[in-house]
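Here the structure comes first, spelled out in structure tokens, and everything after it is commentary.
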Amino acid sequence: MLQTRPIALSIAGFDPSGGAGLLADIKTFESHQVYGLGILTANTIQTEDEFVAIRWEKRAYILQQLEVILQRYQPQVVKIGIVESGEELLHYLQVIKQHIPQAYIIWDPVLRSSTHFDFTTGIEGQTLEAILLHLDLITPNYFELDQLIPIGATPLEKAQSLSAICAVLLKGGHHPETKAVDYLLTADEQYSFYPQQVYPSTKHGTGCILSSAIASQLALGNSLYEAAQKSKQYVEKILASNSTLLAYHV
């Protein structure tokens, strides 16, 4: 098959409202003119403001999906959302690295829904380090970073410690003081991204959209700094798209 567009792969859960998860990732890819592939980790019963239940897909089924897709396609970027556990994530990462070692891998650690449903329990330190060694970028918010590293240090210091292994985009939407200021940290540099406008309300799935926008920009050939900068602008555009909790992408 001749592909004239770059390819990005999302490994994420299904949100039937379309605001978050796999559907939001694919919408974001397509709006950036990146061809989106998808693998389902979980099926949920939810709306944009209510979470009812989740059914996890079996590891063997997800691994089979990965094997089939990655034998056929060569996505430039892989974006990962909700997974059942750190051990599951590590299995998926190992298969990805085996088939497409050159791919850029982003993990958006969605550990809890915006309606306070816990997806992934705590990840033990050695497992987390093994996961980070397979990643190029992790995109936690302040709550997620505290769940990943529950003791000691400020969130920014925690992000700095992780950035020695892989790049970190610390999302500022939940910061109690400097709201909506994001920080990009690598082993050598640190950047701050300030919002053009702070919106009084948010959208369901903005974390998913931001990370998949970054994946899109990277697939298009932008640097990580450019991808983060342009993706923040994209999220601000969808925040302004309407007055509901569900974003319009076009």
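The values are calculated or read from the model by the stated rules, or taken from the named source; none is laboratory data. Everything quoted here is computed from the prediction, not taken from an experiment. Here the Cβ is made from the backbone with ideal geometry for all residues, glycine too, and neighbour counts use every protein chain on show. Note: accessible area is taken over every heavy atom of the protein model, side chains too, but ligands, DNA and RNA are not part of it. Shrake-Rupley method; radii C 1.70, N 1.55, O 1.52, S 1.80 Å.
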Counting only protein heavy atoms and using a 1.4 Å probe, what share of the accessible area of the stretch 7-240 belongs to carbon plus sulfur, as a whole percent?
52
Go through the stretch 30-38 residue by residue and turn each phi into a ³J(HN,Hα) via Karplus (6.51, -1.76, 1.60, θ = phi - 60°); whole Hz please, and just put x for glycine and proline.
5, 5, 9, 6, 10, 6, x, 9, x
Take 231, 17 and sort them by solvent-accessible surface of the protein heavy atoms, 1.4 Å probe, largest at the top.
17, 231
Once ligands and nucleic acids are excluded and a 1.4 Å probe is used, how much of residue 202 is accessible, expressed in Å² to the nearest 10?
80
Checking the cross-link filter: which aspartates and glutamates have an alpha carbon closer than 18 Å to that of residue 232, excluding same-chain neighbours under 8 positions apart?
25, 30, 108, 182
Which residues in the stretch 9-31 have a backbone N closer than 15 Å to a point placed 7 Å from the Cα of residue 244 along the Cα-to-Cβ line?
16-20, 24
Karplus-derived 3J(HN,Hα), 6.51/-1.76/1.60, for each residue of the stretch 67-78, Hz, glycine and proline x
4, 5, 5, 7, 6, 9, 10, 10, x, 6, 9, 10
Among 66, 130, 85 - extreme Cα towards positive end, dipole of the chain, charges at beta-carbon
66
Measuring with a 1.4 Å probe in the full set of protein chains, what accessible area per residue, in whole Å², belongs to the chain?
46
Within the set 27/230; 58/237; 97/203; 27/58; 58/79, which residue pairs have Cα atoms separated by over 27 Å?
58/237; 97/203
Roughly how far apart, in whole Å, are the Cα centres of the stretch 31-70 and the stretch 189-250?
21
For residue 194, what accessible area in Å² do you get when you roll a 1.4 Å probe over the heavy atoms of the protein chains, rounding to the nearest 10?
150
Quick one: how many Å² of residue 171 are accessible to a 1.4 Å probe, rounded to 10?
20
Please list, ordered by chain and number, the residues whose modelled amide H lies under 5 Å from the amide H of residue 10; skip anything fewer than 5 residues away on the same chain.
37, 38, 39, 79
Which one is right for this structure if volume of the Cα convex hull per residue in Å³ is calculated from it: [x] 130; [y] 118; [z] 145?
[y]
I need the calculated FRET efficiency for the pair residue 94 and residue 43, taking r as the beta carbon distance and R₀ as 25 Å, to the nearest 0.05.
0.55
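Could you rank 91, 32 by how accessible they are, 1.4 Å probe, largest area first?
Ranking 91, 32 by accessible area, largest first, yields 91, 32.
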Helix-derived [θ] at 222 nm for the chain: sum -39500 (n - 2.57) over DSSP H runs of at least 4, divide by residue count, nearest 500?
-11500 deg cm²/dmol
So what J values fall out for the stretch 208-221 if you push phi through Karplus, 6.51 cos²θ - 1.76 cosθ + 1.60 with θ = phi - 60°, rounded to Hz, Gly and Pro as x?
4, 5, 4, 5, 6, 5, 4, 4, 4, 5, 5, 4, 7, x
Using modelled amide H (1.01 Å from N, peptide plane; none on Pro or chain starts), what sits under 5 Å from the amide H of residue 104, excluding residues fewer than 5 places away?
77, 78
